[in-house]
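The values are calculated or read from the model by the stated rules, or taken from the named source; none is laboratory data. The shown structure was predicted, so the numbers you read here are calculated from the model rather than taken from an experiment. Cβ placement follows ideal geometry from the backbone for every residue including glycine, while neighbour counts extend to all protein chains displayed. Surface areas here come from the heavy atoms of the whole protein model, side chains and all, with no ligands, DNA or RNA. Shrake-Rupley method; radii C 1.70, N 1.55, O 1.52, S 1.80 Å.
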Amino acid sequence: MTAEPLLRVDGVRAVYGDTVALHDISLDIAHNEFFALLGPSGCGKTTLLRSIAGFETPAAGRITVDGLDLLPLPAHKRPVNMMFQSYALFPHLSVEKNIAYGLEAEGVGRAEIRTRVGEVMEVVRLGHLAKRRPSQLSGGQRQRVALARAIIKRPKLLLLDEPLSALDRQVRASMQLELKRLQHEVGLTFVVVTHDQEEAMSMADRIAVLNEGRLEQLASPQELYAEPASRFVAAFIGTANLLDGEATVDGVTVPGIGPVPASHALAAGSPATAVVRPEDVTVGTEVSGGLRGTVVDTYFLGGASTISVEVPGLPAPLLASVHGATRLARGAEVGVTFGRATAVPRDPSQPPSYGTTIPTTAIPVTDAATAADTDEAAGAAGTAATGDASPAATGAPEASAPPRAQDVSA
Amino acid sequence: MTTTTPQATPAVRAQRARRGLAAAPFLAPGVFFLIVFMAIPVGLLAFYTFFKRGRFGGLVFEFTLDNWAKLAEPLYVGVILQSVGLAFIVTVLALLLGYPMAYAIAGLSPKWRTVALIAVVLPFWTNFLIRTYAWILLLNNAGFVNQWLQAIGITDEPISMLYTPQAIVVGLLYMYLPLMVLPLYASLQQLDPSLREAATNLGASPWRAFRTVTLPLSLPGALTGCIFVFVPAMSNFVIPELIGGGKTVMVGNLVRDQFYEARDWPFGATLALVLTMLLVVVIVIQAAVSRRITEGPRRG
């Protein structure tokens, strides 16, 4: 980041009783950036957002917007607006009045309020609903009211707390596009908090992945997918086969199956995990020179199929994805080879925290679809067009996202 | 907004009837109770109002409208107005005292919230007469309040506080304040805290956020509290009797006196019916206003 950042979070630490919610988080967000804070529930992303908005007071650190120190300011004096997860629309006020609230609090004149409310309602396409109460609106309409209310003051920074989690899948897809459009149109800086990696991947320019109050990695979606910095990121972003072992010069030696070539910068002999994306796994009866295994199951997803293969020596099946349908059936004896793989450091003292056993019925299907749709395009920036089985779609906003990894570690 | 279909088809009607029958076993006990203890007594009361009084109570079955005409006498109009006035003052004071209390309780940590709520409800577990007599001890000329006032030199002679309308207000307020606090607390406590945050986030000062969000959204609770206080305060007759010394007559006393002292059952019934109707009107208004607040103005 060469230009002066819009938002600078510097060493922010948050503590609740004995628990540290944020461990000295530092990050910069540029003007007009669409930024995502991604992580499972309890990772601290909401705490960070609420600290920026002024609803939580960090124990240490600085937060500045355009050089303005936010922390000494009370919440109502910060140049930051927020869209709440539950939308927090005022139930006793009409759509119009909800949207006008911020301007009225600021003491803007009545005529100007009317024109600006009209404009914003055009932007979010709500003009015909001006007189309704929030209780008379659909979920998507409410979300747009919340958005209109948050952007009407033209804040420098717009915070969005799980903006799409309360919507059903079809509405989500269109709102996702809408948010992108809006961000370009009004030229705002967006900071989105989400536990849904697909949401973050498809919308954000850059993503900060948080886990247990620590910043795991801050990168573009493409980079997060292709070059995860940690085992957590590898597991959390997209679907991955995680093979625990020890780093060698050009890969990872995995107990039970031997060396797996992988790019990395780790010291030889250190504990490591090879990360192999399903689309980098080739499976077939004619495939030779690799591992041998048995097909456990196949999932046909329309554009792609996921094949789960049991390999002797590995505790869990490997996942592979191929375009279109597969002719392989359950029980087929196949050869398995790995294409591109990366390796990430592994904490040997900690048992794998992600995905030792995954219900293979639904979750791999989703992510394989995403991955397969987009593996030719840039990394994994795709929308979940099919088979979204993420917990958000089932209406559990704070449910932790299931680990999207097929862990094959011993 | 909701328009019932003007003509339900026979099939639909039959289906509704079946559904009604299925619910009957569950509704029956409640309906039975209401009929026996509410509809029949009120019906009897209404019936009584059109007959002449018996000499030693009871009725003489001769139709008359005298009982209703008697209501217009200044004496009774005055009593009804005074009752409404006193109950109104008690309600307003209860609201002014109860709102900050409920607001403070809703802001406590769960543990202290429970303690505070128990403290609010505790007086209800003590016998009501004992509590009323306690007020007599406090307020009479040789009572604690007067002793204390004289001790710190505010007054040289005892101020007569007992047996005044003010004493009735104090007694009623004391009696019914919890009924104001509890519904208010309930409505404040269930308010989504993110609403206040949203107001703040949009630039509203804490006071403005309270005035434009918290206060209007707690109005239904406040109205419920007002009804809970106004209705029993208006019809109470023990406190006016004991603390008011029987000098300030409220409708409740009047009704009681008609039955027990004057042996004029028909007129007592008329007064009781008027009181009931008055309170029903108040409750209907309250329900309508609450609905308007929560659902917004009716739309065509």
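Test A:L167 against the stated conditions and say whether it is buried (at least 18 other Cβ atoms within 10 Å of the Cβ) and under 27 Å from A:Y101 (Cβ atoms).
Values: buried (at least 18 other Cβ atoms within 10 Å of the Cβ): yes; under 27 Å from A:Y101 (Cβ atoms): yes.
It is true that A:L167 is buried (at least 18 other Cβ atoms within 10 Å of the Cβ) and under 27 Å from A:Y101 (Cβ atoms).
Before we move on, is B:Y48 closer than 30 Å to B:P165 by Cβ and touching a residue at least 60 places away in the same chain (Cβ under 8 Å)?
Numbers: closer than 30 Å to B:P165 by Cβ: no; touching a residue at least 60 places away in the same chain (Cβ under 8 Å): yes.
For B:Y48, the condition - closer than 30 Å to B:P165 by Cβ and touching a residue at least 60 places away in the same chain (Cβ under 8 Å) - is not met.
Given the options B:W135, B:W148, B:W125, name the one that is touching a residue at least 60 places away in the same chain (Cβ under 8 Å), open to solvent by 20 Å² or more (accessible area, probe 1.4 Å) and either within 14 Å of chain A (Cβ to nearest Cβ) or over 20 Å from B:A222 (Cα atoms) (or both). Give the steps one after another, and end with the answer.
Working: B:W148 fails: touching a residue at least 60 places away in the same chain (Cβ under 8 Å); B:W125 fails: touching a residue at least 60 places away in the same chain (Cβ under 8 Å).
After applying the criteria, what remains is B:W135.
Take segment A:131-154 and flag every residue that is in a loop (DSSP other than H, G, I, E, B), within 11 Å of chain B (Cβ to nearest Cβ) and open to solvent by 10 Å² or more (accessible area, probe 1.4 Å).
Filtering segment A:131-154 for residues in a loop (DSSP other than H, G, I, E, B) gives A:131-133, A:137-138, A:152-154.
After this cut, where a residue has to be within 11 Å of chain B (Cβ to nearest Cβ) as well, the list is A:131-133, A:152-153.
Once the filter is applied, which keeps residues that are in a loop (DSSP other than H, G, I, E, B), within 11 Å of chain B (Cβ to nearest Cβ) and open to solvent by 10 Å² or more (accessible area, probe 1.4 Å), segment A:131-154 yields A:K131, A:R132, A:R133, A:K153.
Does A:A274 qualify as being of a type in the set (A, V, I, L, M, F, W, C) and over 22 Å from A:R346 (Cβ atoms)? Let's see the steps before the verdict.
Values: of a type in the set (A, V, I, L, M, F, W, C): yes; over 22 Å from A:R346 (Cβ atoms): no.
Judged against the criteria, A:A274 is not a match.
Checking the condition assigned by TED's automatic domain parsing to the domain that holds A:K97 and either at positive phi or within 12 Å of the chain's Cα centre (by Cα) (or both), which residue from A:D205, A:D161, A:D168 passes? Steps first, please.
Working: A:D161 fails: either at positive phi or within 12 Å of the chain's Cα centre (by Cα) (or both); A:D168 fails: either at positive phi or within 12 Å of the chain's Cα centre (by Cα) (or both).
Answer to the check: A:D205.
Return yes or no: is A:E198 buried (at least 24 other Cβ atoms within 10 Å of the Cβ) and touching a residue at least 12 places away in the same chain (Cβ under 8 Å)?
On the way: buried (at least 24 other Cβ atoms within 10 Å of the Cβ): yes; touching a residue at least 12 places away in the same chain (Cβ under 8 Å): yes.
So A:E198 fits the description; yes.
Quick check, is A:L159 within 14 Å of another protein chain (Cβ to nearest Cβ), at pLDDT 85 or above and open to solvent by less than 10 Å² (accessible area, probe 1.4 Å)? Full working, then the answer.
Values: within 14 Å of another protein chain (Cβ to nearest Cβ): yes; at pLDDT 85 or above: yes; open to solvent by less than 10 Å² (accessible area, probe 1.4 Å): yes.
Spelling it out, A:L159 is indeed within 14 Å of another protein chain (Cβ to nearest Cβ), at pLDDT 85 or above and open to solvent by less than 10 Å² (accessible area, probe 1.4 Å).
Quick check: is even one residue across segment A:61-75 open to solvent by 20 Å² or more (accessible area, probe 1.4 Å), closer than 20 Å to B:L195 by Cβ and more than 24 Å from the chain's Cα centre (by Cα)? Even if it seems obvious, please write down each step before you answer.
At the first step, the residues of segment A:61-75 found to be open to solvent by 20 Å² or more (accessible area, probe 1.4 Å) are A:61-62, A:66-69, A:71-74.
Then drop every residue that is not closer than 20 Å to B:L195 by Cβ, which leaves A:74.
Checking the rest, the ones that are also more than 24 Å from the chain's Cα centre (by Cα) come to A:74.
Within segment A:61-75, one or more residues are open to solvent by 20 Å² or more (accessible area, probe 1.4 Å), closer than 20 Å to B:L195 by Cβ and more than 24 Å from the chain's Cα centre (by Cα).
I need every pair where a residue in segment A:154-182 that is among the charged types (D, E, K, R) has its Cβ under 6 Å from the Cβ of a residue that is open to solvent by 60 Å² or more (accessible area, probe 1.4 Å) and part of a strand (DSSP E or B), sequence separation at least 6 or different chains.
Filtered contacts from segment A:154-182: no entries.
Residues of segment A:271-297 being open to solvent by 50 Å² or more (accessible area, probe 1.4 Å) and either in contact with a helix residue (DSSP H, G or I) (Cβ under 7 Å, 6 or more places away or on another chain) or part of a strand (DSSP E or B) (or both), which ones?
Within segment A:271-297, A:T282, A:R292 meet the criteria.
Which of the residues spanning segment A:55-72 are of a type in the set (A, V, I, L, M, F, W, C), closer than 27 Å to A:V145 by Cα, out of contact with any Pro (no Cβ under 7 Å at 6 or more places or on another chain) and more than 8 Å from chain B (Cβ to nearest Cβ)?
So in segment A:55-72, the residues of a type in the set (A, V, I, L, M, F, W, C) come out as A:55, A:59-60, A:63, A:65, A:68, A:70-71.
After this cut, where a residue has to be closer than 27 Å to A:V145 by Cα as well, the list is A:55, A:65, A:70.
If we keep only those that are out of contact with any Pro (no Cβ under 7 Å at 6 or more places or on another chain) too, we end up with A:55, A:70.
Of everything in segment A:55-72, just one residue is of a type in the set (A, V, I, L, M, F, W, C), closer than 27 Å to A:V145 by Cα, out of contact with any Pro (no Cβ under 7 Å at 6 or more places or on another chain) and more than 8 Å from chain B (Cβ to nearest Cβ), namely A:L70.
Given (1) more than 14 Å from chain A (Cβ to nearest Cβ); (2) out of contact with any Cys (no Cβ under 9 Å at 6 or more places or on another chain); (3) open to solvent by less than 30 Å² (accessible area, probe 1.4 Å), where does B:E157 come up short, assuming only one miss?
Among (1) more than 14 Å from chain A (Cβ to nearest Cβ); (2) out of contact with any Cys (no Cβ under 9 Å at 6 or more places or on another chain); (3) open to solvent by less than 30 Å² (accessible area, probe 1.4 Å), B:E157 violates only (3).
Can you pull out the residues in segment A:80-93 that are open to solvent by 20 Å² or more (accessible area, probe 1.4 Å), facing chain B (nearest Cβ under 8 Å) and free of Cβ contacts under 8 Å to residues at least 60 places away in the same chain?
A:P91, A:H92
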